[in-house]
2 protein chains.
Amino acid sequence: MNDGPADDGLLERLRSVVGEEGLRTQAQDLAPALRDWRGRFTGAARALVLPVDTAQASAVLALCHARRIPVVPQGGNTGLAGGATPDAQGRAIVLSTRRLRRIRAVDPHDDTLTAEAGCLLAEVQQAAREAGRLFPLSLAAEGSCTLGGNLATNAGGTQVLRYGNARELTLGIEAVLPDGSVFEGLRGLRKDNSGYDLKQLFIGSEGTLGVITAATLRLFTPPADQAVALAGVASLEQAVALLGQARERLGPALTAFELMSSDCLALLARQTSSRLPPLAAHPWCVLLEAGVHNPEARAADLLEQLGTEALERGRILDMVLARSLAEQEALWAMREGIPGAQARAGGNVKHDVSLPVTAMASVLARIGTALRAIDPCLQPLVFGHLGDGNLHLNVGVVPGQDAARAFALEAQINAVVFDAVLASGGSFSAEHGVGQLRRELARRTLPPVHRSLMAAVKQALDPLGIMNPGKGVA
Amino acid sequence: MNDGPADDGLLERLRSVVGEEGLRTQAQDLAPALRDWRGRFTGAARALVLPVDTAQASAVLALCHARRIPVVPQGGNTGLAGGATPDAQGRAIVLSTRRLRRIRAVDPHDDTLTAEAGCLLAEVQQAAREAGRLFPLSLAAEGSCTLGGNLATNAGGTQVLRYGNARELTLGIEAVLPDGSVFEGLRGLRKDNSGYDLKQLFIGSEGTLGVITAATLRLFTPPADQAVALAGVASLEQAVALLGQARERLGPALTAFELMSSDCLALLARQTSSRLPPLAAHPWCVLLEAGVHNPEARAADLLEQLGTEALERGRILDMVLARSLAEQEALWAMREGIPGAQARAGGNVKHDVSLPVTAMASVLARIGTALRAIDPCLQPLVFGHLGDGNLHLNVGVVPGQDAARAFALEAQINAVVFDAVLASGGSFSAEHGVGQLRRELARRTLPPVHRSLMAAVKQALDPLGIMNPGKGVA
């Protein structure tokens, strides 16, 4: 039996660690792991390896390290930057965390939950909920993305405004290092300054420094009452002004502030039978969510008061409040339906940018003008987490045109968007990471000191360079 | 003129960078910088160097780097672990940030503030306040500690429960690296995943990887109304139960939950003429602070409702609500007067530990028993941030005894405290850092993988080992 390019006995040794059920080498079994879900990146690998516990993951890394075999960690394979897809060389193994599925502990008194990397985000949320607690990380892919991927990319989502990114929700990390040694950092302490905070290295490093196998997460008291409203606004400036007012009045009771352009909602309306609220015809819509803990208070009151005040000040055109849980869910479904609608429309050139909120309107106006100059058929489809200064600025084509037209202009579109964003002190990757998609851009635009520090960290933790090569900056 | 041990021209070159006013070499000028404020650590240095801007700091580092001269960064010199005191060799320079004093920018719309490292914490708070915003980091030394020191030690304080540690409040960092190059990372973005999050390296690393020269911080909307209450509880178990109830009912409106033992308060009462509330006679007191944003709500209502419910459930013995701002301040002054009272009583053997809140009561009981077995005159003086699982467990002597008796038993006391804390998954340094004080303990008790990772990071960023040698773990 030929065990691979170098016939180095790797597969046989891997099999002895993870068993038959933990090793896939047949082309049809491997295929889904060699391609990202959008179909933008495809690679090759010797095997897909699925350890069931940290000890197996450690043994797998040690075997690969000894042979200098590249290791590509993969969770739910829902990333948007190709970070979990191996390169084309075929030397690598893909290490899937999908069998690391245990919720190890839930402590509702200490407000901590320890889960393995392969747990789906929705499973983690559910385990917290069953204990009467809230794990607030929430994003469209939560039914298929994994906790490990969320942490490796420092995921954001819809509740960052109130609860922070994945980084802020993580108290402890367990990770296997490139040589197979295990960093045991699963602590649930709120304060610990007994040395460098090593877990920070792994969060957001996209599998380039080691494999996260488990994490201890922060839980929260769920709000006693929640409310959702939809506001129509005339301009992005007004949306930003509304954000300021909502922050002022609600403080931490404001748990989401999501922006949607009328173009996004029109696209959604064309595809779905569900009728959108009349408000959706306004140039921009904002979904606001509020939560209160005091059982004597009503979250809807907060949004109502805000809406009244905002109308008086001319900051919104109209606002509707969801009158039932079903209506709340319908408003969220509208917001969360946008990426899918764009995909069904043939896709577009995606950007996940972050900007100072005060610069948002002028940067977007500048980008709009520049895109029209490239091709009047280009249509920016803008939505996202305005409360965090994070917009998904996807460039498609006006209805009736072929989406391929946008893809053909990708380089020019990117140049317009990234020049404007970087000139305004923004980031070209707010929550999607660098992966393969933004690697060259990152290497070209990050200051040399940043790059050399990243290279130094990479060299320190992964001197052989076996962890997820070709991904990220370093 | 002899310019130092090696007569290497260093002082002359430093003078040409920072001027006469930026260089102190006379013993009487140097003395305050060579000793920590508690007088537990004393060192020696060739000079005290005070750059006025980042360019000067960079040039100072480059000069030292070329000559392999150790550099000890120092801010307000208020640390509790000797992290800013040079060693006894006298080869080092002390780099004081105290002339890096500019508030560079305050943006109340983006909710960011950029300040230089030598700004006092109180100055940063004030600058935020003047812009109608809140910078919530708050601790007893805020009138003399500096922002740079706060970040270098990842300071905690009294508002962590609601707003997080210094790390969570930091959006961007500017730091001078050991070779003098400048890491320009002053971004105010809430989301940025364009590579490794390098600022995390410098926060909490106690000046061992570089010198923080400025930071961009998160601001918040200040609560529209605040209330403070004092609750008397019979036991630590009850205090923990009250914490759970307060979290449940108040959510993010709970902004502080501070524990004080009756022994701490009795010590304070003996020293001050101010009468303490009768509640202070209960075994434990808890200071609760609540803040609300909704202008229609009253923070006092939240604490009153909580108090009523907690009394009914038998979780507290009594509660008093501050009826005026002056009364609020008096309750806070009581809490903040505790460390000073302990210092005036002759000091004690300090511990800054962090524990899962569920383990708190049993661990403290075990420590109390073990301390009495060492010497019945030992008295644990316990206070601190129960809401974060962080207690200051200071071991003094019962009234009438000489404090020296505790110091003579320091090694035994430490062994009792740290054994119990580490066995329960706690940390021996919650918010005070490692410095010199906990270096040997940290090196002895941290797992080998942690230590080797820390050493690898240190080697990667400071291969010559000139940054604050002998401090921290690595």
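What follows draws every value from the coordinates through simple rules; no lab data is involved. Remember, it's a predicted structure, so these values are computed and weren't measured experimentally. Here the Cβ is made from the backbone with ideal geometry for all residues, glycine too, and neighbour counts use every protein chain on show.
Which value at 222 nm does chain A reach when only helices count, each DSSP H run of 4 or more adding -39,500 (n - 2.57), with the total divided by all residues and rounded to the nearest 500 deg cm²/dmol?
After summing the helix terms and dividing by residue count, I get -10500 deg cm²/dmol.
So what are the ³J(HN,Hα) numbers for region B:317-329, from phi and the Karplus equation (6.51, -1.76, 1.60; θ = phi - 60°), rounded to whole Hz, Gly and Pro as x?
Per-residue couplings from phi come out as 8, 5, 8, 10, 9, 5, 9, 8, 4, 4, 5, 4, 5 Hz.
Going 7 Å from the Cα of A:Glu410 along its beta-carbon direction, which residues of region A:329-350 have the amide nitrogen within less than 20 Å of the resulting point?
From region A:329-350, the list is A:339-350.
Per residue of B:196-207, count partner chain C-beta atoms within 10 Å of its C-beta, then hand back the mean as an integer. Don't jump to the answer; show the numbers that get you there.
Values: counts 19, 8, 7, 1, 9, 7, 1, 4, 7, 4, 3, 0.
The per-residue average across the peptide is 6.
Report the label-to-label distance for B:Glu312 and A:Val320 in nanometres (one decimal), using points 7 Å from each Cα along the Cα→Cβ vector.
Using points 7 Å along Cα→Cβ, the separation is 3.9 nm.
Taking the Cα atoms only, what angle lies between the long axis of helix B:54-67 and the longest principal axis of chain B, rounded to 10 degrees?
Around 60 degrees separate the two axes.
Under the definition of partner shielding as Cβ atoms of other protein chains within 10 Å of a residue Cβ, what is the mean value for peptide B:429-439? Kindly include the intermediate steps, with their values, before the conclusion.
Working: counts 5, 6, 4, 3, 3, 4, 1, 0, 0, 3, 1.
That works out to 3 on average.
For helix B:299-312, report the angle its Cα long axis makes with the longest principal axis of the Cα atoms of chain B; keep it between 0 and 90° and round to the nearest 10°.
Tilt of helix B:299-312: around 50 degrees.
Find out how many positive minus negative residues lie around A:Leu201, taking Lys and Arg as positive, Asp and Glu as negative, among other residues whose Cβ is under 14 Å from that of A:Leu201. Can you show the working numbers first?
Details: positive: A:Arg167, A:Lys199, A:Lys458, B:Arg167, B:Lys199, B:Lys458; negative: A:Glu174, A:Asp197, A:Glu206, A:Asp462, B:Asp197.
Its environment carries a net charge of +1.
Whole angstrom only: what separates the Cα centroid of region A:322-341 from the Cα centroid of region B:233-287?
Region A:322-341 and region B:233-287 have Cα centres spaced 45 Å from each other.
Looking at region B:44-176, what % of its DSSP beta bridges pair antiparallel, to the nearest 5? Each step should come with its number before you reach the end.
Numbers: 5 of 13 bridges.
Close to 40 percent.
In sequence order, what are the phi-derived ³J(HN,Hα) couplings for region A:199-206 according to the Karplus relation 6.51 cos²θ - 1.76 cosθ + 1.60 with θ = phi - 60°, rounded to whole Hz, with x for glycine and proline?
Per residue, the Karplus-derived 3J(HN,Hα) values read 4, 4, 4, 7, 5, x, 9, 6 Hz.
Using the beta-carbon distance between B:Thr369 and B:Ala55 and R0 = 45 Å, what value does 1/(1 + (r/R0)^6) give for FRET efficiency, to the nearest 0.05? Don't skip to the end; give the middle numbers.
Values: r = 57 Å, r/R0 = 1.27.
That pair, B:Thr369 with B:Ala55, gives E of 0.20.
Once the Cβ-Cβ distance between A:Arg40 and A:Gln245 is put in as r, and R0 is 45 Å, what FRET efficiency do you end up with, to the nearest 0.05? Please list the in-between numbers first.
Values: r = 40 Å, r/R0 = 0.88.
Calculated transfer efficiency: 0.70.
Which ordering of A:Arg46, B:Arg443 is given by a fewest-first count of other beta-carbon atoms within 10 Å? Intermediate values should be presented prior to the final figure.
On the way: A:Arg46 23, B:Arg443 15.
Least crowded to most crowded, the residues run B:Arg443, A:Arg46.
Ranked by Cβ crowding within 10 angstrom, fewest neighbours first, how are A:Asp29, A:Asp225 ordered? Display every interim value, and only then the final one.
Values: A:Asp29 12, A:Asp225 18.
The most exposed by this proxy come first: A:Asp29, A:Asp225.
Which of A:Lys191/B:Lys199; A:Lys471/B:Lys191; A:Lys458/B:Lys350 have a Cα-Cα distance over 29 Å?
On the way: A:Lys191/B:Lys199 18 Å; A:Lys471/B:Lys191 20 Å; A:Lys458/B:Lys350 38 Å.
Table pairs above 29 Å Cα-Cα are A:Lys458/B:Lys350.
Name the long-range amide H neighbours of B:Gly204: under 5 Å, sequence gap of 5 or more, or other chain; modelled H, no Pro or chain starts.
The list, which skips near neighbours in sequence, is B:Ala152, B:Thr153, B:Asn154.
Using alpha-carbon pairs under 8 Å, 6+ residues apart, how would you state the relative contact order of chain A in percent?
Working: 997 pairs, mean separation 69.8, N = 474.
Relative contact order, chain A: 15 percent.
Shielding by partners for B:389-396, please: the mean number of other protein chain Cβ atoms within 10 Å of each residue's Cβ.
Values: counts 6, 4, 0, 0, 0, 0, 0, 0.
Counting Cβ atoms of other protein chains within 10 Å of each residue's Cβ and averaging gives 1.
Report, to the nearest 10°, how far helix B:121-130 tilts away from the longest principal axis of the Cα atoms in chain B, using its own Cα long axis and a range of 0 to 90°.
In chain B, helix B:121-130 runs at an angle near 70 degrees to the longest axis.
Classify region B:205-261: rounded, prolate or oblate, from the alpha-carbon gyration tensor (a ≥ b ≥ c, eigenvalue square roots; a/c under 1.5 rounded; otherwise prolate if a/b is larger than b/c)? Each step should come with its number before you reach the end.
Details: a/c = 3.15, a/b = 1.71, b/c = 1.84.
Oblate, since a/c reaches 1.5 and b/c is not below a/b.
Amide H of B:Ile173 versus every other amide H placed in the peptide plane: which residues, excluding those fewer than 5 positions away on the same chain, fall under 5 Å?
B:Gly185, B:Leu186, B:Arg187, B:Thr216
Within region A:183-203, find all residues whose amide N lies under 16 Å from a label point positioned 7 Å from the Cα of B:Ser452 along Cα-to-beta-carbon.
A:183-185
For Cα pairs less than 8 Å apart in space and 6+ apart in sequence, what is the mean separation divided by the residue count of region B:60-128, i.e. the relative contact order in percent? Could the numbers behind the result be given before it?
Details: 83 pairs, mean separation 17.5, N = 69.
Worked out over region B:60-128, it gives 25 percent.
Using amide H atoms built in the peptide plane, which far-off residues or other-chain residues are under 5 Å from A:Tyr196 H to H?
B:Val473
Only bridges with both residues in the protein assembly as shown count here: give the DSSP antiparallel percent, nearest 5. Please list the in-between numbers first.
Working: 118 of 138 bridges.
So the antiparallel bridges in the protein assembly as shown amount to around 85 percent.
Run the quick spin-label model on B:Val398 and A:Thr272: label points 7 Å from Cα toward the beta carbon, then report their separation in nm to one decimal.
Those two pseudo-labels are separated by 7.1 nm.
Spelling out what I want: for every residue of region A:86-100, take phi, set θ = phi - 60°, compute 6.51 cos²θ - 1.76 cosθ + 1.60 (Karplus), and round to whole Hz; glycine and proline get x.
These are the phi-based 3J(HN,Hα) values: x, 6, 7, 5, x, 7, 6, 10, 9, 9, 8, 8, 5, 9, 8 Hz.
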